[in-house]
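The next block holds one structure in the form of structure tokens; read it before the comments.
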Amino acid sequence: MTPLNRRQFGQGLIAVSALSAPGILRAQSFPSRAINYIIPFNPGGESDVTARFQQPFFEAITGQSVVIQSKPGAGGATAWAQLNGFEPDGHTIMNTIVPHTVLQPAMKDVGYQTADINNVFFFHYTPDAVVVKADSPYQSLQDLIDDAKANPGRVTFGGSGTNTANHLASEIFADMTDTTTTYIPFKGSAPAMTAVLGGQIAAAMSYTTQGVKAGEQVRTLAVATNERVAALPDAPTFKELGFDHVGGAYRGVAVPAGTPGDIQQRLSDILQEINATPDFQAQMTAAGYEVIDVPLADIPAFIKERKAAYGPAIERLKSA
Amino acid sequence: MNRFLHRDIAAAAGLLALGGYALWEAQSMSVFGAIFPQLAGAGMVLGAILLALRALIWSPALPTNTGTVLRPLLMLAALAAWAILLPVTGFVATSVVGAGVCMIIAQQHAVPFRTLALQGAGLTALVLLVALLFGRLLNVPLP
Amino acid sequence: MLDALLSAATPFNLMLALVGVVLGTVIGALPGLSATMAVAVLVPFTFTMDPASGLIALGAVYTGAIYGGAYAAILVNTPGTPAAIATALDGFPMAKRGDGDLAVTISCFASAFGGMVGALALLVVAPPLATIALKFGPVEYFWLAIFGLSLIAVLSKGATLKGLIGGCLGLGLSTIGSAVVGGDVRFTFGNPVLLGGIHIIPALIGLYCVPVLLNMVATDDPHIERAATGRGTRIAEALGLMWRSKVNLVRSSVVGTVVGILPAAGGAVAGLVAYSEARRTSRHKDQFGKGAADGVIASESANSATVGGGFVPTLVLGIPGTPPDAIILGALMVQGIRVGPQLFVEQASTVYTFIFGLLFATVLMIPVGLMIGRTAFRTISSIPKAVLAPAIGVLIMIGAFAVEQNPTHVVMMVALGAMAWVLLKFGFEASPIVLGLILGPIAEQGFVQGYLIGNASGNIWGEFFGRPISIAIIGFTLLTLLWPLWSDRKARATQKGSLYE
């Protein structure tokens with residue numbers, strides 16, 4: 001079972017978890033006050049926007065308000081390093097991203113380890129995408145690969161920061177296409193897209209959402225999903241083009257260490273219920289996000305699988 | 001004034017240490033990550049040398065400081081305590097006490113108790129207003 | 001277009017514009033509270049409105065907050081919002097000598113004028129203007145940052161060496177944290193909060209406000225001269241001054257609009273660039289820094305023009321022009337509005353309603369600003385320092401905390417403030433440090449990106465020195481650095497000549 005089609009399995013879990021219950025009363029009365037939802041990125045970014053998509057549904061389900069708080073810094077590391085310092089009662093939850101929380105501790109001392117992040121649910125992923133300007137000479141991914149093969153290092157890929165998810169994706173891309181490209185780090189995925197639009201760099205190793213946002217100004221050459229993305233019907237998947245690459249930024253929700261198990265389960269259930277809402281799904285897919293369900297029970301296996309997928313590329317980044 | 005005791009010499013010494021530290025740390029950074037720390041460090045070291053030379057050769061006039069140093073130092077201590085205690089004792093309590101202490105430090109003359117009480121009440125009202133505005137209206141979770 | 005004008009003029013939208021401007025001005029006026037924060041905390045309230053009204057409210061708050069920053073800069077010498085840095089350079093000396101009321105009135109008219117130029121640019125020529133944002137690549141940002149850093153030499157007249165050292169200190173501070181380029185973790189001493197670097201708002205509050213606060217209690221002198229009675233708001237005098245520097249006013253507004261369009265620049269850079277140009281071209285250069293009305297006019301018209309300018313790439317390209325725009329862009333996405341070139345076609349009524357709303361808000365800023373400004377001036381010039389000092393204390397604490405609800409930022413703010421105060425005793429001013437801190441990351445990223453791009457194309461020199469906009473910026477930098485030398489010589493020559501007459 002891949003992590004991408006676990007919805008049926010997860011829905012079965014809701015029924016099971018509702019019955020298994022030492023602290024069932026506590027879980028039922030949860031949440032008893034407003035939830036602080038901490039976003040480790042700037043307002044207006046993808047983590048913030050998806051959290052704001054969730055907000056009204058969360059409030060409708062629980063009857064409690066959700067306060068979205070921004071604690072940006074160091075590509076999220078600042079907030080994640082502080083996660084376990086918050087009160088472990090489930091009323092403080094934090095947005096997390098894989099591969100960020102796998103990659104950052106592997107590369108540098110960022111004040112936390114991957115195992116320190118107590119994820120309760122992953123609710124969507126933003127698929128990787130290769131985006132070029134609309135008037136770029138690259139009509140297809142093959143054009144880009146051909147150019148990169150003919151002129152090693154000449155093709156420039158912009159992305160968010162050094163040793164980040166985009167950097168990792170560009171390493172994976174170089175590996176599977178057997179090309180050499182130059183990775184240019186920017187302060188976030190938006191500035192990288194600006195540089196693509198301005199013609200300063202050849203392509204962005206970015207996300208489907210950026211391709212959707214820039215609309216007609218850009219062409220998305222490939223997306224890292226199983227099926228084509230609804231919001232970008234003209235963009236082929238890597239699989240169609242013969243490359244086995246599915247992935248992106250998987251966004252989840254984590255709680256401080258020591259949060260009672262039944263409350264973690266309740267949060268996982270709430271988030272899964274939000275994911276099942278058609279209105280929520282419609283909002284997400286229109287913007288280019290892929291909704292997935294990775295409930296509490298599946299998280300260890302999911303993290304293990306992702307770690308294995310990133311392993312070789314991380315090793316190469318380290319030796320670079 | 002003895003030019004070896006010129007105040008710029010002390011500043012130069014501090015700068016030299018800081019710049020040296022930046023350069024030292026930059027050695028263990030990646031090529032691209034090290035450029036600006038090295039630039040800043042080198043600038044500080046160079047600046048420190050020029051500053052010291054200038055102090056020794058010309059001994060330029062320094063800005064004259066007016067007023068006492070004691071009051072600002074007390075004020076600084078109060079601000080530091082205020083900042084450190086903020087997450088421990090909560091915004092309202094710390095700020096009422098902090099503002100009160102600052103108010104007393106800032107009094108240049110003996111003032112009647114009535115004035116003091118009035119000023120204190122005004123500041124307390126300000127703290128409560130700010131707490132209300134941010135904590136309740138704008139949903140900023142105050143400690 | 002007329003429909004949009006009418007729907008912007010509905011009582012509800014006008015009320016939103018008014019409330020937004022008042023709220024924004026008050027928030028911006030408090031030392032330590034910035035426009036970005038004002039917009040961020042108010043965004044959730046707009047989700048219940050229809051998109052055009054929500055945008056009008058946010059635009060009005062933004063406009064008001066950028067303007068409100070002028071009060072703290074002029075009356076207290078504490079530019080808590082980065083956009084007001086250049087305003088304090090001449091605004092506070094004016095207030096110190098008793099012209100605080102005049103400075104506040106000038107800042108109000110200059111802001112309204114700049115705001116209108118920016119909004120009109122947005123209304124009339126947004127799509128073609130937006131391409132400016134794309135013309136600026138990494139190298140152009142690098143040179144723009146260098147141009148900004150060259151202002152250190154201009155601003156620290158008479159103490160150039162200490163100014164440059166301060167700039168290096170600021171650059172050093174800006175490298176703290178996890179590096180965008182290179183991925184290194186630099187100078188964090190294992191503290192996770194420092195990983196994110198020195199946040200610019202707590203740093204500004206610390207570097208500017210804390211020394212002011214500490215020096216305020218050192219002496220018995222009044223903080224600023226009291227108002228002479230019966231002078232009113234000195235509107236006629238202010239308008240007369242503005243008319244005399246109309247060239248400066250228009251140029252600064254255009255500079256502000258253009259800099260606002262550049263995604264990585266913002267109000268602080270706009271104000272400083274306009275200020276430096278005003279100083280360079282002025283016949284009374286020696287008055288700058290001692291309370292020249294021209295300095296306040298340049299800075300305030302430019303930073304208010306960035307509001308309209310910043311919306312140009314935000315709405316046309318989906319690229320936020322300034323930090324508050326990034327937040328507004330996120331709010332738009334939550335509302336389900338897709339920005340981009342098609343926005344002006346598909347959502348024409350929303351967009352034009354918003355732009356007219358922004359214009360109305362800018363006009364409303366004149367009465368609101370004059371009234372609040374008068375109150376602020378009276379209050380600050382009359383309350384005793386023993387109350388003013390702790391009140392500022394309360395505001396800087398909440399300001400530094402509220403940026404990211406992080407108590408560590410408050411400690412960092414006080415620590416940087418202590419550093420700035422000690423440095424001031426040794427003759428180092430705060431402004432060069434702040435310039436280094438703000439411009440350092442722009443210069444660093446631009447340099448490394450430009451180098452990598454140049455390396456990939458095999459032409460590093462061409463990348464840095466061969467692009468037309470870069471060459472123009474390099475030219476302006478040289479002009480800024482060399483002009484004072486030349487004009488000093490000329491001035492000395494004429495002085496000599498007059499001696500022999």
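The values are calculated or read from the model by the stated rules, or taken from the named source; none is laboratory data. None of these values were measured; they are calculated from a predicted model. Because the Cβ atoms are built from the backbone with ideal geometry, glycine has one as well, and the counts that use them run over all protein chains shown. Protein only, heavy atoms only, side chains kept; ligands, DNA and RNA dropped before computing areas. Shrake-Rupley method; radii C 1.70, N 1.55, O 1.52, S 1.80 Å.
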#### Entry: Condition met for residue C:178 (more than 16 Å from the chain's Cα centre (by Cα), within 14 Å of chain A (Cβ to nearest Cβ) and among the hydroxyl-bearing types (Ser, Thr, Tyr))
yes
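Kindly establish whether residue C:404 is assigned to a loop (DSSP other than H, G, I, E, B), touching a residue at least 60 places away in the same chain (Cβ under 8 Å), open to solvent by 10 Å² or more (accessible area, probe 1.4 Å) and more than 30 Å from residue C:282 (Cβ to Cβ).
Working: assigned to a loop (DSSP other than H, G, I, E, B): yes; touching a residue at least 60 places away in the same chain (Cβ under 8 Å): yes; open to solvent by 10 Å² or more (accessible area, probe 1.4 Å): yes; more than 30 Å from residue C:282 (Cβ to Cβ): yes.
Against the criterion (assigned to a loop (DSSP other than H, G, I, E, B), touching a residue at least 60 places away in the same chain (Cβ under 8 Å), open to solvent by 10 Å² or more (accessible area, probe 1.4 Å) and more than 30 Å from residue C:282 (Cβ to Cβ)), residue C:404 qualifies.
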### Message
Suppose we keep only residues that are under 10 Å from residue C:262 (Cα atoms) and facing another protein chain (nearest Cβ under 10 Å) within segment C:315-327. Which one would you say is surrounded by the fewest Cβ atoms within 10 Å (Cβ to Cβ)?
### Response
C:320
### Message
Among (1) touching a Pro at 6+ places or on another chain (Cβ under 8 Å); (2) more than 18 Å from residue A:211 (Cβ to Cβ), there is one condition residue C:334 misses while meeting the rest; what is its number?
### Response
(1)
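Restricting to segment C:407-417, count the residues that are of a type in the set (Val, Ile, Thr) and open to solvent by 30 Å² or more (accessible area, probe 1.4 Å).
2
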### Query
Which is more than 22 Å from residue A:212 (Cα to Cα), of a type in the set (Val, Ile, Thr) and without any contact (Cβ under 8 Å) to a residue 40 or more places away in the chain, of C:375, C:353?
C:375
### Query
Residues in segment C:422-429: is at least one facing chain B (nearest Cβ under 9 Å), free of Cβ contacts under 8 Å to residues at least 40 places away in the same chain and assigned to a helix (DSSP H, G or I)?
yes
### Task
Pull up segment B:7-62, narrow it to residues that are under 25 Å from the mean Cα position of the chain (by Cα) and β-branched (Val, Ile, Thr), then point me to the one that is surrounded by the most Cβ atoms within 10 Å (Cβ to Cβ).
B:45
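Quick check on segment B:30-44. Is at least one of its residues β-branched (Val, Ile, Thr) and closer than 25 Å to residue C:146 by Cα? Spell out the reasoning first.
Keep residues of segment B:30-44 that are β-branched (Val, Ile, Thr), which gives B:31, B:35.
Narrowing further to those that are closer than 25 Å to residue C:146 by Cα: B:31, B:35.
Checking segment B:30-44: at least one residue is β-branched (Val, Ile, Thr) and closer than 25 Å to residue C:146 by Cα.
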### Message
Show me the helices (runs of 4 or more DSSP H) entirely contained within segment C:264-365 in which 2 or more residues are among the basic types (Lys, Arg) and within 23 Å of the chain's Cα centre (by Cα).
### Response
C:267-281
### Query
Of these, C:177, C:166, which one is within 15 Å of residue C:416 (Cα to Cα), open to solvent by less than 40 Å² (accessible area, probe 1.4 Å) and touching a helix residue (DSSP H, G or I) at 6+ places or on another chain (Cβ under 8 Å)?
C:166
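Collect the residues in segment C:39-51 that are farther than 13 Å from residue C:267 by Cβ and open to solvent by less than 10 Å² (accessible area, probe 1.4 Å), keeping them in residue-number order. Explain how you work it out, then say what you get.
Our first condition is that a residue be farther than 13 Å from residue C:267 by Cβ; within segment C:39-51, this holds for C:40-51.
The answer is C:43, C:46.
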### Query
Conditions: (1) in contact with a Gly (Cβ under 8 Å, 6 or more places away or on another chain); (2) in the same structural domain as residue B:94 (by TED's automatic domain parsing); (3) surrounded by 18 or more Cβ atoms within 10 Å (Cβ to Cβ). Residue B:81 meets all but one. Number of the miss?
(3)
### Query
What number of residues within segment C:455-478 satisfy the criterion of being more than 10 Å from chain A (Cβ to nearest Cβ), in a helix (DSSP H, G or I) and either open to solvent by 70 Å² or more (accessible area, probe 1.4 Å) or modelled with pLDDT of 95 or more (or both)?
6
### Task
Output the number of the condition that residue A:233 fails; it satisfies all remaining conditions of (1) over 25 Å from residue A:79 (Cβ atoms); (2) crowded, with 19+ Cβ neighbours inside 10 Å; (3) of a type outside the set (Val, Ile, Thr).
(2)
